[in-house]
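Have a look at the structure below before the remarks.
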Amino acid sequence: MAEIQPFRGVLYNSQRVKPADVLTQPYDKITPEMRERYLKLSPYNLVQIELGKEQAGDTETNNKYTRASDLHQAWLRDGVLRRSAQPALYYLEQTFISPTGAAAGTLTRRAIIARVRLHRWDEGYILPHEHTLSKPKADRMALLRACGSQQGQIFMLYPKPKRSLEDIVGKVLAQPAIELVDDYNVTNKLWEVTNPETIRAVQDTLRGEKFYIADGHHRYETALAFRDECRATAAKPDPNAPYEFVMATFMDMSDPGLVILPTHRTVSNLSAFDRQAFRKSLAKEFAVEPQPSLEKLLAAMRVELASSPVTSDAGGGTRKSPTRQSRHGDGAMPVLLGMRDAEEFALLRPKNLEALRPLFAHKPPLWDRLDVAILHVAILETLFGIDEVRLREESNVTYWREPEKALEQVRSGAAQLAFFLNPTRVEAVQMIADARSRMPQKSTDFYPKLLSGLVINEVYPDQVGVR
């Protein structure tokens, strides 16, 4: 079974630096502009470790990864970073307004940061829902080998427990160790939890749970590969060695503050694109309902989703089981896609889901139940030949959090089509993971992101050249 443990994390010293000046968004969300802004905020900003720059004359012994290691050690010596005095769990609260609109009001989500024992996917204790790419894993592995620490969080979900974390931990909280408002106006508060009884209560609550990775698949697979590498060179097996664990943030998937945003798509660089021919092919399998504006289109999609047996929560996610029969009478939830071409908006609805199922014969399990997979397979691949290889190349499809930005791409002529999606349900994430399947790329966008550097987990195996 999955096992969580307290650990002596490394935190920024709030007496030396302002947390807002040194913590960053996850490495894969940092744009070049954000990186330059981070560097101007503080000479101790984590971006220098988490996303170092290559320099002319770099060698195997002097490069962005070894420089990251040097900085980590120097900041510890100088007291900019501090190591927790005793093993702890770390309780996190994030308070925010969802980008889907202020109507939901202020949301707060709560989680616990701990070390969790690493398991292969096939062991079934920790499950993924997305595929990974080799390039990001190679980068994270090089940093882990050199620096010997994990700065970024892996976001894991678990089914609703008998006792909430807030109920267990709330009684022992005092002044937060770290408090800041981040780039997206999210208030982050972090407490160190060292009370042995509280730690045991959290462990007991989560013991036997299955964990689902929401964000951080690349970091998890990197940690798993690092563990196997260290095992291969260890003098003897040590089940409690630091490399047998990885740092993660754990959240109840029924938390009202859990928000999943949709990721919209634009399609460009289609050679000899013929709008009329495309619309004719599209109409064979989809009912095409014109809409007067982007606002009306998105509202229609939300209304249809809200009228289904799975009701929407305030932030855009869902909470009820998706297994009840929909008003469509086919036992599946309504499949809705929004579209904009050069002339109009349209709501797309499959005429017959059963007729589309042969397209999924060689696809991962349950793809024929997902809006995003139906878009990828029934439209992008079938009508345009944009298969998974071309998707990875990103030569035709671009991804957008903001629907307005996707629309602007079509209006400006930079894209030929835009497709708009409803948010993926958290139940769908669980369903896909339990079926040992994976969702298409960019199916989920959990909001807000977990800041890098809130807690740093050190891994110092003697077998790896970590200084």
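Only the coordinates and a few stated rules stand behind these numbers; no lab work does. Since we're looking at a predicted model, the values are computed, not measured. All Cβ positions, glycine included, derive from the backbone under ideal geometry; neighbour counts span all protein chains shown.
Below is a table of values for the structure above.
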{"quantity": "Whole-angstrom gap from the range 208-285 to the range 149-170, using each part's C-alpha centre", "calculated": "18 Å"}
{"quantity": "Tilt relative to the chain, helix 196-206 - C-alpha long axis, 0 to 90 degrees, to 10", "calculated": "30 degrees"}
{"quantity": "Rel. contact order, % - alpha carbon contacts under 8 angstrom, at least six apart, the range 264-443", "calculated": "35 percent"}
{"quantity": "Burial ranking of peptide ranges 88-99, 177-188 (average Cβ count within 10 Å, highest at the top)", "calculated": "88-99, 177-188"}
{"quantity": "Helix 134-147 vs. the chain, principal-axis angle (Cα, 0 to 90°, nearest 10)", "calculated": "10 degrees"}
{"quantity": "Options F273, L337, A355, ranked by Cα towards positive dipole end of the range 264-443, top entry (Cβ charges)", "calculated": "A355"}
{"quantity": "Under 13 Å, Cβ to Cβ, from P19 - net charge with Lys/Arg +1 and Asp/Glu -1", "calculated": "0"}
{"quantity": "Inter-centroid distance (Cα atoms) of the range 72-132 relative to the range 357-372, Å", "calculated": "32 Å"}
{"quantity": "Net charge contributed by nearby residues that have their C-beta within less than 13 Å of K135 (K/R +1, D/E -1)", "calculated": "-2"}
{"quantity": "Dipole magnitude (debye, nearest 20) for the range 1-124, charges at Cβ of Lys, Arg, Asp, Glu", "calculated": "460 debye"}
{"quantity": "Helical mean residue ellipticity (222 nm; -39500 (n - 2.57) per DSSP H run of 4+; nearest 500) of the chain", "calculated": "-8000 deg cm²/dmol"}
{"quantity": "About the Cα centre, charge dipole magnitude for the range 264-443 (Lys/Arg +1, Asp/Glu -1 at Cβ), debye", "calculated": "340 debye"}
{"quantity": "For the range 95-224, size of Cβ-based charge dipole, Lys and Arg +1, Asp and Glu -1, in debye", "calculated": "300 debye"}
{"quantity": "Neighbour net charge for A88 - beta-carbon separation under 12 angstrom, K R +1, D E -1", "calculated": "+2"}
{"quantity": "Between 0 and 90°, nearest 10: helix 64-77 axis offset from the chain longest Cα axis", "calculated": "50 degrees"}
